[in-house]
Every structure is written in C-alpha cells, then in structure tokens.
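Take a look at the structure below.
The values are calculated or read from the model by the stated rules, or taken from the named source; none is laboratory data. Since this is a predicted model, take the numbers as computed values, not measurements. Glycine also receives a Cβ, built like all others from the backbone with ideal geometry; neighbour counts cover every protein chain displayed.
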Amino acid sequence: QVQLMESGGGSVQSGGSLRLSCVASVYDYDSRCMGWFRQVPGKEREGVAVTDSNGPTTYSDAVKGRFTISQDVATKTVYLQMNNLKPEDTAMYYCAADPSPMTCTTVHSRGFNMELFGYWGQGTQVTVSS
C-alpha cells in the first residue's frame, strides 16, 4: 500500500514562486518513479514533471526552465519548485508514483502517460493571479 500526501499549494501573484511537496508512505515496496500532473476543470490531466530514482527527469514544454523537480529517495519525498508562475499554471496539482522500474524509463522515452502511475495523491490547488 502506498499513500501520497501533497502540500504547498496556495495563491500567488504572477511571477511568484511556490514549492510543492509530496511524501509517500510506502508499506510494501518503494516508488521508484515519482512526478506531478495537473488538471483544470473540463480539461484532461496533463503531465508536468517526473523524476527517476537515479536522477533523470522529464518536463513538459510548458514548465521547462521554470519548474524543477527533485526527489529525496531516502525520505520518499518529491518536490516541485515552481518559479516565475503564470496564470496559465493555475490548476489542481497531483502527485503520482509508481514502483515499476520501467515507468520513468517509459515517460522519458515516450512522454507522459498517467496510466503508467499506480498511486495518486488527492491534489493541491495552485492559483496564480495576474
């Protein structure tokens, strides 16, 4: 059983920063691949960033250069540092994780796919005003 708990969402002005955190409570195995997706009402959930347990990362074009994902394997925590936030970043942000050693490899090579991730958090709202 894996439970993901997100925190750090909130409301900021355009150009501001937020740092999201997600802690994984793992009871039977490790989550080797962790990442972030986001969704706005009426739209499909889209990938934001993922990180492998050994370092490789993948970012969406929309956030590349502004967001940074990092993972503390020892504490099973993934972070999303969001800088220079824009109104279009407003969304519900979901933490995702998967224990398969192939999940992140697949994302890195073929792109984001939420179906690859077996565990999800409840989401944390990020609102950016202009």
- Only one of (1) among the hydroxyl-bearing types (Ser, Thr, Tyr); (2) over 16 Å from Leu116 (Cβ atoms); (3) modelled with pLDDT under 95 does not apply to Ser11, and that is (3)
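What about Ser100, is it over 29 Å from Gly15 (Cβ atoms) and either in contact with a Lys or Arg (Cβ under 9 Å, 6 or more places away or on another chain) or free of Cβ contacts under 8 Å to residues at least 60 places away in the same chain (or both)?
Working: over 29 Å from Gly15 (Cβ atoms): yes; either in contact with a Lys or Arg (Cβ under 9 Å, 6 or more places away or on another chain) or free of Cβ contacts under 8 Å to residues at least 60 places away in the same chain (or both): yes.
Spelling it out, Ser100 is indeed over 29 Å from Gly15 (Cβ atoms) and either in contact with a Lys or Arg (Cβ under 9 Å, 6 or more places away or on another chain) or free of Cβ contacts under 8 Å to residues at least 60 places away in the same chain (or both).
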- Note on the structure: Heads up, the strands (runs of 3 or more DSSP E) in the stretch 29-90 (entirely inside) with at least 2 residues that are surrounded by fewer than 17 Cβ atoms within 10 Å (Cβ to Cβ) and modelled with pLDDT under 95 are 67-72
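Taking the conditions exactly as written (part of a strand (DSSP E or B) and within 19 Å of Thr127 (Cα to Cα)), does Ser11 satisfy them or not? Show your work before the answer.
On the way: part of a strand (DSSP E or B): yes; within 19 Å of Thr127 (Cα to Cα): yes.
So Ser11 fits the description; yes.
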- In the stretch 74-94, which residue that is polar (S, T, N, Q) and touching a Ser or Thr at 6+ places or on another chain (Cβ under 9 Å) is farthest from Val126 (Cα to Cα)? Thr77
- Before we move on, is Ser70 touching a Phe, Trp or Tyr at 6+ places or on another chain (Cβ under 6 Å), of a type in the set (Ser, Thr, Tyr) and without any contact (Cβ under 8 Å) to a residue 24 or more places away in the chain? yes
- Query: Looking at the stretch 103-130, which of the residues that are among the β-branched types (Val, Ile, Thr) and within 27 Å of Lys86 (Cα to Cα) is surrounded by the fewest Cβ atoms within 10 Å (Cβ to Cβ)?
  - Reply: Thr127
- Message: Can you tell me how many residues within the stretch 107-130 are under 16 Å from the mean Cα position of the chain (by Cα) and farther than 17 Å from Ser7 by Cβ?
- Response: 10
